[in-house]
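All remarks here apply to the structure that follows.
What follows is calculated from the coordinates using simple rules that are stated; it is not laboratory data. These figures come from a predicted structure and were not determined experimentally. Cβ placement follows ideal geometry from the backbone for every residue including glycine, while neighbour counts extend to all protein chains displayed.
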């Protein structure tokens, strides 16, 4: 958690008034926990939505069940839509989403998609992580925080930029 708090402190110092909001699935609120561990974070943090089930993605974010049936809950398309819907719902400048399989067991354990939405950019990436469920969750939170810090500092990321879409 120390590394995460260190990254959040750097984001707080670099945010320049920009606000943040998250949609979390397989990370289960760990990204929000890292943010809220930092004093004064309320100046930039709007909130986080833990939308673990498809029903929560539908009811809270307003993602159509047909979309989830077509692309699946664990896909870059769903990660993109989660980030876009969160930015609008929480009225924040920068939103991010995490969706994937943290394991153990099941299919494609460690397959994680993230997305970041800003006013003028829509980015995503797929990661293949390994370890226990908690290790995978902690790894993806660190990757997200590293990418958010790079975004606020206008640095290169390993994220793929896609065209802005309006759902």
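Please tell me the relative contact order of segment 2-162 in percent, rounded to the nearest whole number, where contacts are Cα pairs under 8 Å and at least six residues apart.
Relative contact order of segment 2-162: 24 percent.
Tell me what the chain gives for mean residue ellipticity at 222 nm when only DSSP H runs of n ≥ 4 count, each as -39,500 (n - 2.57), the sum divided by the residue total, rounded to 500 deg cm²/dmol.
Using -39500 (n - 2.57) per qualifying helix, the result is -12000 deg cm²/dmol.
Ranked by Cβ crowding within 10 angstrom, fewest neighbours first, how are 36, 78 ordered?
Lowest count first: 36, 78.
Just want the ordering: 27, 53, 75, from fewest to most Cβ atoms lying within 10 Å of their own Cβ.
Details: 27 29, 53 12, 75 19.
Neighbour counts put them in this order, fewest first: 53, 75, 27.
May I ask you to give the average projected area over all directions of the convex hull of the Cα atoms of segment 2-162, in nm² rounded to one decimal?
Over every viewing direction, the Cα hull of segment 2-162 projects on average to 8.6 nm².
Could you check the spin-label model distance between residue 134 and residue 52? Points 7 Å from the Cα along Cα→Cβ, value in nm.
Going by the 7 Å Cα→Cβ label model, 1.6 nm.
I want to check the label-to-label distance for residue 14 and residue 65. Put each point 7 Å from Cα in the C-beta direction and report it in nm to one decimal.
4.2 nm
Could you please state, rounded to a whole Å, how far the C-alpha centre of segment 50-81 is from the C-alpha centre of segment 100-130?
So the two Cα centres are separated by 13 Å.
Over the chain, what is the percentage of antiparallel beta bridges among all DSSP beta bridges, to the nearest 5? List each step's numbers first, then the result.
Numbers: 16 of 26 bridges.
In the chain, approximately 60 percent of DSSP beta bridges are antiparallel ones.
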